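Note sheet for the following structure.
Quick note: the coordinates plus some simple rules give every number you see, no bench work behind them. Just so we're clear, the structure is a prediction, and the values are computed from it rather than from any experiment. Every residue, glycine as well, gets a Cβ built from its backbone with ideal geometry; the counts of neighbours run over all protein chains shown.
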Amino acid sequence: MRDFSKTLGDAAKRARNELGWTQNRVAEEAEIDVRTVVNIENYRANPKLEVLWPFIRTLRIDANEIFYPELQCENPVIIRLRCLLENCSEQEATALIPVIEAVLEALRSEQYIQIK
């Protein structure tokens, strides 16, 4: 097994499970064969760009996670948040900035009450 196959397969399984999707759902959403999804997750695939591109975009996988796994030392939650932001339109990002700033200010304030 080549390192890139394991890196891609692990990232795909993790992302699919986070979304709560089946392999069939991923295949439908990415418009690829379900056998391709199974093979990727079982480290038996070397997909062409025509398959890889819609696959990682459908699963919202940060491409750096696949191509530069040695640089990945961030929390998976931060990676997920970055991926969501990177998929926003400019208008959506502009609307989110004041919301994010306000939430961060509230979370970082001394009067913040943690809800469990």
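For the range 23-55, state which GluC sites (Glu not before Pro) are in a DSSP loop and have at most 12 other beta carbons lying within 10 Å of their beta carbon.
Here the GluC sites (Glu not before Pro) that fit, given the DSSP loop and packing criteria, are Glu31.
Any idea what the alpha-carbon Rg over 2.2 N^0.38 Å comes to for the chain?
1.28
With the convex hull built on the Cα atoms of the range 75-116, state its orientation-averaged projected area in nm².
Over all viewing directions, the range 75-116 projects a mean Cα-hull area of 3.8 nm².
To the nearest 20 Debye, how big is the dipole of the chain about its Cα centre, given +1 on the beta carbon of each Lys and Arg and -1 on that of each Asp and Glu?
520 debye
With labels modelled as points extended 7 Å from the Cα through the Cβ direction, what inter-label distance (nm, one decimal) is found for Ser109 paired with Arg80?
Here the answer is 2.7 nm between the modelled labels.
So what is the relative contact order of the chain, in percent, for Cα pairs below 8 Å that sit 6 or more residues apart?
Computed value for the chain: 24 percent relative contact order.
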